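Below: the structure, in structure tokens.
The values are calculated or read from the model by the stated rules, or taken from the named source; none is laboratory data. Please read these numbers as outputs of a predicted model, since none were measured by experiment. Cβ placement follows ideal geometry from the backbone for every residue including glycine, while neighbour counts extend to all protein chains displayed. Just the protein is used for accessible areas: all its heavy atoms, side chains included, with ligands, DNA and RNA removed. Shrake-Rupley method; radii C 1.70, N 1.55, O 1.52, S 1.80 Å.
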Amino acid sequence: MQEFNPYPKSKQLGHQKEKDTPKFKLQKPRKKRKPKVNKNIEMFHNRRIPHWKKRGEVNRKTANDTLRYYGEACAMCGNHNYALHHIMHKGYGIGGRGVWRNLVPLCELHHTGAEGVHKIKTFDQFWKDKHQKTFGPHYYKDAWDLWMEGHIENPTEELFEKFMKLEEERCQTSIG
Ligand SMILES: [Zn+2]
Ligand SMILES: [Zn+2]
């Protein structure tokens, strides 16, 4: 005997859900991951190089060395209200360090102001050229840079200063 069945069972309420939803799930395409470069840890010959942010900082000794060279005033106008400007910027990948030969005291006007190095490119270039001519092409580097570039045998303060002084002498003789 045939049952009275106006609809097939699959179309009856309560039996639909399962069949209407597809069994498979859409797979998300896998993201390709770029290898992460850790900007914070740098090794060279098994030695851990200090953090780049740290190397851009100015300590008291460095600041005093700059002020001994330029005096305690803006190097442009003599204003005693000054800040120390990094001639080569200290940002990651630019590589200016917190070394005294990379610094110059500037007042607000000549630093971040309307006539400042951060506003006017030719002024920015003026200081770069001046320090390059006076101290040589490595003026913005620290001992770690010189060591990694093979200019000094060890990243010590003594070897660094010795190298930089020779560079300075070389600049003076090439001008005269
Ligand atoms: Zn000034
Ligand atoms: Zn600055």
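In Å and from the alpha-carbon atoms only, list the Rg and Dmax of segment 51-175.
Cα radius of gyration and Dmax of segment 51-175 are 14.4, 44 Å respectively.
Can you give the FRET efficiency for Thr122 and Lys162, using 1/(1 + (r/R0)^6), R0 = 30 Å, r = Cβ-Cβ distance, to the nearest 0.05? Intermediate values should be presented prior to the final figure.
Numbers: r = 34 Å, r/R0 = 1.13.
So, using R0 = 30 Å, E works out to roughly 0.30.
Sort Glu42, Glu169 from largest to smallest accessible area, using a 1.4 Å probe on the heavy atoms of the protein chains.
From most accessible down to least: Glu169, Glu42.
Do the alpha carbons of any pairs in Lys53/Lys162; Lys121/Lys141; Lys36/Lys90; Lys31/Lys119; Lys36/Lys162; Lys32/Lys54 sit beyond 30 Å of each other, and which pairs?
Over 30 Å Cα-Cα: Lys31/Lys119; Lys36/Lys162; Lys32/Lys54.
Once neighbouring chains are kept in place and the probe is 1.4 Å, which whole percent of the accessible area of segment 51-175 is contributed by carbon and sulfur? Present the calculation step by step, with values, prior to reporting the outcome.
Details: 3760 of 7240 Å².
The value for segment 51-175 is 52 percent carbon and sulfur by accessible area.
Plugging the Kirkwood radius over Cα pairs into Stokes-Einstein for segment 29-98, at a temperature of 10 °C and a viscosity of 1.306 mPa s, what D comes out in µm²/s? Working shown, then result.
Values: Rh = 15.1 Å.
Rounded, D is 105 µm²/s.
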